[in-house]
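Q: One structure, as structure tokens, below. Some questions next.
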Amino acid sequence: METARNTPHPLSNDPYDVEKIRQDFPTLHQEVKGHPLAYLDSGATSQKPQTVIDCLKHFYEQDNANVHRGVHTLSERATLAYEAVRGKVQRFLNASTEKEIVFVRGTTEGLNLVAQCHVRPMLKPDDEIIISEMEHHSNIVPWQMLCKETGAQLKVIPMNDQGELIMERFYELLSPRTKFVSVTWVANSLGTINPVKAIIDAAHAQGATAMLDAAQAVPHLTVDVQALGCDFLTFSSHKVLGPTGIGALFGKENLLEAMPPYQGGGDMIRTVTFEETTYAEVPLKFEAGTPNIADTIAMGVALDYLESVGIERVAGHEAKLLTYATEQLSEVPGIRLFGTAASKCSVLSFLLDGVHAHDVGTILDGNGVAVRTGHHCAQPVMTHFGVPATTRATLGLYNNQADIDALVAGLHRVSEIFSR
Amino acid sequence: MSELRDLYEEVILDHNRNPRNYPKRPEGCNHSAAGNNPLCGDDVEIHLAIHEGVITDIGFEGDGCAISTASASMLTEALKGKSEAQARELFAEVHTMLTATGNDEPDATLGKLAVLGGVKDYPMRVKCASLAWHTMIAALNNAGSTTTE
């Protein structure tokens with residue numbers, strides 16, 4: 001099958017035409033509270049291109065049927081379209097075989113699956129799991145629950161005030177007790193791009209396995225699991241232009257083979273009797289029950305869209321926009337930016353002096369600017385900086401300079417209201 | 001724009017800038033409760049000194065957005081000297097104002113508290129305005145802590 005890697009988008013030799021890309025995203029073209037929408041919340045969820053929306057409609061109108069074990073035409077169409085996505089995800093991540101791609105509900109389920117099926121069976125009291133201070137709660141809580149259950153210890157790589165991991169401290173934490181390391185590639189609350197290759201290599205040198213939370217990375221960075229050498233990596237479709245409720249887990253084939261099933265049910269078995277059940281091969285062993293068929297197929301279309309634009313070109317556009325936004329925001333009186341790592345993408349997390357993040361969010365919404373406010377499911381990061389919440393603007397491939405200008409104008413409006 | 005002015009009225013901004021009875025735990029305080037709004041990270045503690053059924057003094061502590069801070073501040077002003085029964089009645093009126101559908105004018109007895117009604121147009125922020133009031137009821141009931149989640 002011809003891959004998107006080999007078929008450049010007609011745009012790919014042109015300068016990045018963000019206005020043309022915006023035309024593909026219907027939600028962007030609306031007014032909110034009398035202002036053109038400036039959608040700066042892609043870190044929470046991305047908007048969807050028309051092709052993804054059309055795909056869902058087409059599936060339910062034309063092809064809807066359950067997958068596997070159906071011999072009728074609709075079931076065959078659904079099965080072929082569904083299973084083709086495994087190959088798309090494999091190529092998107094550069095995994096070596098489709099068997100290494102497990103469909104999950106999203107990053108959270110990917111992390112929990114690995115916690116339950118890979119880490120739990122090998123964990124003994126006093127073993128250690130290492131995570132970092134800038135994790136999303138979904139890369140903290142599953143490990144904490146596991147530690148509580150087994151008597152293992154959770155160790156945390158600290159970060160500095162720029163929001164960068166202190167790697168010397170990570171190397172000190174590593175020991176023969178380290179069994180597993182799980183870190184975020186890109187921090188959702190700060191935008192820091194972590195040196196994950198070095199982390200994976202060091203974990204392997206200690207005999208530990210390593211996992212990446214790639215939820216915030218896949219929309220912005222080229223992923224190559226073979227080059228990274230990670231044992232597991234997981235992401236959510238909805239952060240990368242696809243529907244909610246679906247995502248993928250990459251796991252090295254030999255590790256997946258060695259793992260027990262995640263849930264029991266249909267589709268994950270080979271034979272069932274009341275005495276014994278033998279399980280299906282990987283990855284089906286981990287996919288009990290009727291899968292999320294339509295959203296999986298639409299996830300494939302989302303990845304096609306991203307690859308057709310070209311992730312390097314997206315990254316280049318977003319980097320320029322982030323530089324522009326950082327310069328513009330820095331000039332807003334009383335602003336404090338969180339996350340100023342040398343290597344970062346997409347995220348602008350900030351506070352305005354004397355104004356709570358939620359008031360900022362409401363006033364920005366009144367100007368048509370959509371941002372996220374709160375702890376961003378990263379309370380330890382808020383604790384590090386001694387703040388209860390921040391306002392966070394996040395960039396996607398469809399954002400333009402006008403979105404940033406609307407944000408800055410909105411912040412001036414906040415200052416105006418609060419200085420009365 | 002005008003809608004935003006309705007929410008961030010001068011009265012609310014003033015109470016946010018200079019919260020009354022804050023931070024304060026009055027002498028003779030015998031009823032306290034902590035409330036938090038996990039969605040926003042707003043935290044508030046309401047302290048009441050109640051003698052013979054009358055709120056003789058009141059104060060609050062905590063951190064929150066302008067809406068929750070102003071609401072708590074205005075609550076302390078409204079309730080000082082009121083009976084426990086009056087406090088419960090006022091809670092019911094405020095609660096109705098914050099959650100009622102339709103465009104009815106707020107009850108005249110609410111007085112200055114009527115400005116909190118502006119939050120009705122911002123469903124995500126209603127909990128910010130109601131937090132202090134729920135916490136006050138928890139303090140009256142000696143429930144210790146409450147949450148708007």
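Q: With the contact rule set at Cα under 8 Å and sequence spacing of 6 or more, what percent relative contact order holds for chain A? Don't skip to the answer; put the middle values down first.
A: Values: 830 pairs, mean separation 98.0, N = 420.
Once normalised by length, the contact order is 23 percent.
Q: Something else now. Give, as a single signed number, the net charge of other residues whose beta carbon lies under 14 Å from the beta carbon of residue A:163, with Lys and Arg counted +1 and Asp and Glu -1. Kindly include the intermediate steps, with their values, before the conclusion.
A: On the way: positive: A:336, A:344, A:392; negative: A:133, A:135, A:161, A:164.
Once positives and negatives cancel, what remains is -1.
Q: For an R0 of 45 angstrom, estimate the FRET efficiency from the Cβ-Cβ distance between residue A:201 and residue A:419 and round to the nearest 0.05. Don't jump to the answer; show the numbers that get you there.
A: On the way: r = 51 Å, r/R0 = 1.14.
With a Förster radius of 45 Å, E is 0.30.
Q: Same structure, new question: If I model a spin label as a point 7 Å beyond the Cα along the Cα-Cβ vector, how far apart are those points for residue A:308 and residue A:271 in nm?
A: For residue A:308 paired with residue A:271, the spin-label model returns 4.7 nm.
Q: Lys pairs in the range B:2-140, Cα-Cα under 21 Å, at least 8 apart or on separate chains: how many? Please report the intermediate quantities before stating the final value.
A: Values: B:24/B:80; B:24/B:82; B:80/B:112; B:82/B:112; B:112/B:120; B:112/B:127.
So the count works out to 6.
Q: Please state the shape class of the range A:54-307: rounded when a/c is under 1.5, otherwise prolate if a/b exceeds b/c and oblate if not, all from the C-alpha gyration tensor. List each step's numbers first, then the result.
A: Details: a/c = 2.36, a/b = 1.47, b/c = 1.61.
The shape class here is oblate.
Q: Could I ask something else about it? In the neighborhood of residue A:286, defined by Cβ-to-Cβ distances under 13 Å, what is the net charge if each Lys or Arg adds +1 and each Asp or Glu adds -1? Kindly include the intermediate steps, with their values, before the conclusion.
A: Details: positive: A:86, A:99, A:105, A:285; negative: A:100, A:109, A:253, A:257, A:267, A:281, A:287.
Once positives and negatives cancel, what remains is -3.
Q: Would you mind ranking A:177, A:392, A:86, A:69 by Cβ crowding within 10 Å, fewest neighbours first?
A: Numbers: A:177 16, A:392 28, A:86 21, A:69 9.
Exposure proxy ranking, most exposed first: A:69, A:177, A:86, A:392.
Q: Further question: For the range A:211-312, which GluC sites (Glu not before Pro) pass both filters: DSSP loop (anything but H, G, I, E, B) and at most 11 other C-beta atoms within 10 Å?
A: On the way: sites: A:253, A:257, A:275, A:276, A:281, A:287, A:307, A:312; in loops: A:275, A:276, A:281, A:287.
Here the GluC sites (Glu not before Pro) that fit, given the DSSP loop and packing criteria, are A:275, A:276, A:281.
Q: Ok, one more. Tell me whether the range A:348-420 comes out rounded, prolate or oblate; compute the Cα gyration tensor, take square roots of the eigenvalues as a ≥ b ≥ c, and use a/c under 1.5 as the rounded threshold.
A: Working: a/c = 2.32, a/b = 1.19, b/c = 1.95.
In terms of gyration-tensor shape, oblate.
Q: Then there is this: Only Cα pairs under 8 Å and at least 6 apart count here; give the relative contact order of the range A:201-322 as a rounded whole percent. Before the final figure, lay out each step's value.
A: Working: 155 pairs, mean separation 28.4, N = 122.
The value is 23 percent.
Q: Another question about this same structure. How large is the translational diffusion coefficient of the range A:76-159 in µm² per second when you combine the Kirkwood radius over alpha carbon pairs with Stokes-Einstein at 37 °C and 0.692 mPa s? Walk me through the numbers before you get to the answer.
A: Numbers: Rh = 14.8 Å.
After rounding, the answer is 222 µm²/s.
Q: Using the basic label-point model (7 angstrom from Cα toward the beta carbon), what is the residue A:71 to residue B:25 distance in nanometres?
A: Distance between label points: 7.7 nm.
Q: What's the magnitude of the charge dipole for chain B around its Cα centre, counting Lys and Arg as +1 and Asp and Glu as -1 at the beta-carbon? Answer in Debye, nearest 20. Each step should come with its number before you reach the end.
A: Details: 12 positive and 22 negative charges, 37 e Å.
For this selection, approximately 180 debye.
Q: Which value, in nm² and rounded to one decimal, describes the direction-averaged projected area of the C-alpha convex hull of the range A:174-242? All intermediate terms of the calculation are to be shown ahead of the outcome.
A: Details: hull surface 18.8 nm².
Seen from a random direction, the Cα hull of the range A:174-242 projects 4.7 nm² on average.
Q: So, one more: For the range A:318-385, would you read off the P(r) tail past 19 Å as a percentage of all alpha carbon pairs? The partial results should precede the final answer.
A: On the way: 825 of 2278 pairs.
I get 36 percent for the Cα pairs in the range A:318-385 exceeding 19 Å.
Q: With charges only on Cβ, +1 for K and R and -1 for D and E, what is the dipole size of the range A:54-307 about its Cα centre, in debye, rounded to 20? Could the numbers behind the result be given before it?
A: Working: 20 positive and 32 negative charges, 34 e Å.
In total the dipole reaches around 160 debye.
Q: Cα to Cα, under 17 Å, and not fewer than 8 places away if on the same chain: which lysines meet these conditions relative to residue A:285?
A: A:99, A:252
Q: Using all C-alpha to C-alpha distances in the protein assembly as shown, build P(r) with 20 Å bins and read off the rounded percent in each one.
A: 19, 45, 31, 5, 0
Q: Report the Rg/Rh value for the range A:13-137, based on alpha-carbon coordinates and the Kirkwood definition of Rh. Walk me through the numbers on the way to the answer.
A: Values: Rg = 20.5 Å, Rh = 19.2 Å.
Reported Rg/Rh (Cα atoms, Kirkwood Rh): 1.07.
Q: Something else about it: Suppose each label sits 7 Å from its Cα in the direction of the beta carbon; what would the residue B:9-residue B:88 distance come out to in nanometres?
A: 2.8
Q: Within a Cβ distance under 11 Å of residue B:43, other residues only, what is the Lys/Arg minus Asp/Glu net charge?
A: Values: positive: none; negative: B:42, B:45, B:61, B:63.
It works out to a net charge of -4.
Q: Compute the acute angle (0 to 90°) between the alpha-carbon long axis of helix B:66-79 and the principal axis of greatest extent of the alpha-carbon atoms of chain B; round to the nearest 10°.
A: That works out to roughly 50 degrees.
Q: For residue A:155, give me every one of the lysines with a C-alpha distance below 23 angstrom, ignoring sequence neighbours fewer than eight places off in its own chain.
A: Output for residue A:155: A:124, A:179, A:197.
Q: Nearest 500 deg cm²/dmol is fine: what mean residue ellipticity at 222 nm does the protein assembly as shown get from its DSSP H runs of n ≥ 4 alone, each adding -39,500 (n - 2.57), divided by its residue count?
A: Values: 19 runs with 211 residues, N = 569.
Result for the protein assembly as shown, helices only: -11500 deg cm²/dmol.
Q: Most exposed first by the Cβ proxy, i.e. fewest other Cβ within 10 Å, how do B:71, A:175, B:32, B:83 rank?
A: Details: B:71 29, A:175 11, B:32 19, B:83 14.
Listing B:71, A:175, B:32, B:83 from fewest to most nearby Cβ atoms yields A:175, B:83, B:32, B:71.
Q: Please report, for the Cα atoms of the range B:2-140, the Rg to one decimal and the Dmax as a whole number; what are they, in angstrom?
A: Radius of gyration, then largest Cα-Cα span, for the range B:2-140: 14.0, 45 Å.
Q: Tell me which DSSP H helices of chain A clear both cut-offs, 15 Å or more of axial length from alpha-carbon atoms and a mean Kyte-Doolittle hydropathy of at least 0.0.
A: Details: long enough: A:73-93 (31 Å, -0.18); A:293-309 (25 Å, 1.09); A:311-330 (28 Å, -0.20); A:401-418 (26 Å, 0.57).
What comes out of the filter, once short or polar helices are dropped, is A:293-309, A:401-418.
Q: Hey, got the dipole for the protein assembly as shown? About the Cα centre, +1 on K and R Cβ, -1 on D and E Cβ, debye to the nearest 20?
A: 500
Q: Kirkwood hydrodynamic radius (Cα pairs, Å) of the range A:185-323? Display every interim value, and only then the final one.
A: On the way: mean 1/r = 0.0585 Å⁻¹.
Answer for the range A:185-323: a Kirkwood hydrodynamic radius of 17.1 Å.
Q: Then there is this: What is the order of B:84, A:31, fewest Cβ neighbours within 10 Å to most? Don't skip to the end; give the middle numbers.
A: Details: B:84 16, A:31 9.
Placing the least packed residue first, the sequence is A:31, B:84.
Only the coordinates and a few stated rules stand behind these numbers; no lab work does. These numbers come from a predicted model, not from an experiment. So basically every Cβ, Gly included, is an ideal-geometry build from the backbone, and we count neighbours across all protein chains shown.
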